[in-house]
Amino acid sequence: MGRAFEYRKARKLKRWGNMARVFTKLGKEIEIAVKAGGPDPSGNTRLRVLIQNAKAENMPKENVERAIKRAISKDTADYKEVVYEGYGAHGIAFLVETATDNTNRTVANVRMYFNKCGGSLGNSGSVAFMFEHKCTFKFRVPEGTDLEELELEMIDCNVDEFWPEEDGITVSAPYESFGAIQKYLDDKSFEIVSGESVRVPADTKELDAAGRESIEKLVEMLEEDDDVVNVYHNMKEADEE
């Protein structure tokens with residue numbers, strides 16, 4: 001298995017214990033997608049994938065519908081996507097993806113979490129170079145599909161990792177290829193289970209138990225903030241060892 005797959009799997013296992021927060025954050029992403037491309041999934045590729053992601057996370061259909069209705073209401077706030085960068089304790093690099101209707105509130109909160117945990121918020125570009133921005137798709141193909149031929153065709157879409165599993169196929173590629181891969185899957189009428197952006201650390205840093213605990217505390221504080229969508233860091237996870 002590739003690094004993008006293992007990193008994505010570890011993050012999803014953690015997220016499954018916090019379904020309410022996952023639903024809230026998916027709802028925000030859906031609102032952003034609707035405001036940017038309209039409420040019709042057939043004409044809004046990002047919205048279509050987010051709806052599939054919501055299904056994969058067992059998010060109730062009515063939650064998705066409410067998010068779409070909120071997005072087209074004139075009374076709702078506009079969310080802005082902002083990425084914050086910084087260092088936690090022990091020099092661990094962090095990328096924090098947010099969706100916020102008040103950047104002043106969000107940056108103040110994110111800075112406070114870093115400060116409380118012995119870290120500091122950095123400038124844009126200070127740690128982004130330490131992470132590869134990747135996209136991953138999971139999809140299903142008809143029985144009897146020639147997987148070797150499929151893999152070769154997907155390499156033409158810039159896919160760099162390809163993993164057949166019992167319940168579908170997962171692929172990874174540079175994030176810039178998100179649209180091309182989605183179009184390929186749509187053109188082939190393959191069932192897209194999920195598609196998402198991930199940021200994979202180029203290298204990871206190992207910490208002892210006490211050091212890991214301090215980083216996990218910062219991760220928990222960030223993830224509990226309603227404005228935070230995703231938290232990435234380059235600490236080596238215990239299950240990687």
Checklist entry - Within the set of pairs 6+ apart or on separate chains, which have a first residue in region 149-163 that is more than 13 Å from Pro174 (Cβ to Cβ), a second that is assigned to a loop (DSSP other than H, G, I, E, B), and C-beta atoms under 8 Å apart? => result Leu150/Val141; Glu151/Val159; Trp163/Met1; Trp163/Gly2
Checklist entry - Based on what the data block shows, is Phe114 in contact with a Leu (Cβ under 6 Å, 6 or more places away or on another chain) and open to solvent by less than 20 Å² (accessible area, probe 1.4 Å)? => result yes
Checklist outcome for this item: Flagged in region 207-239 as more than 18 Å from the chain's Cα centre (by Cα), under 30 Å from Asp160 (Cα atoms) and surrounded by 13 or more Cβ atoms within 10 Å (Cβ to Cβ), in numbering order, are Leu207, Lys236
Checklist entry - When only residues in region 44-91 that are part of a loop (DSSP other than H, G, I, E, B) and among the polar types (S, T, N, Q) count, which is least open to solvent (accessible area, probe 1.4 Å)? => result Asn44
Item to check | Failed criterion for Glu196 (all others in (1) open to solvent by less than 60 Å² (accessible area, probe 1.4 Å); (2) over 22 Å from Val83 (Cβ atoms); (3) not aliphatic (A, V, I, L, M) hold) | outcome: (2)
Next on the checklist: I'd like to check something: does region 96-109 contain any residue that is part of a strand (DSSP E or B) and either more than 21 Å from the chain's Cα centre (by Cα) or under 22 Å from Glu206 (Cα atoms) (or both)?
Outcome noted: yes
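The values are calculated or read from the model by the stated rules, or taken from the named source; none is laboratory data. Computed from a prediction, not measured in an experiment: that's the story for all the values here. No Cβ is skipped: glycine too gets one built from the backbone with ideal geometry, and neighbour counts run over all protein chains shown. Heavy atoms of the whole protein, side chains included, go into the accessibility calculation; ligands, DNA and RNA do not. Shrake-Rupley method; radii C 1.70, N 1.55, O 1.52, S 1.80 Å.
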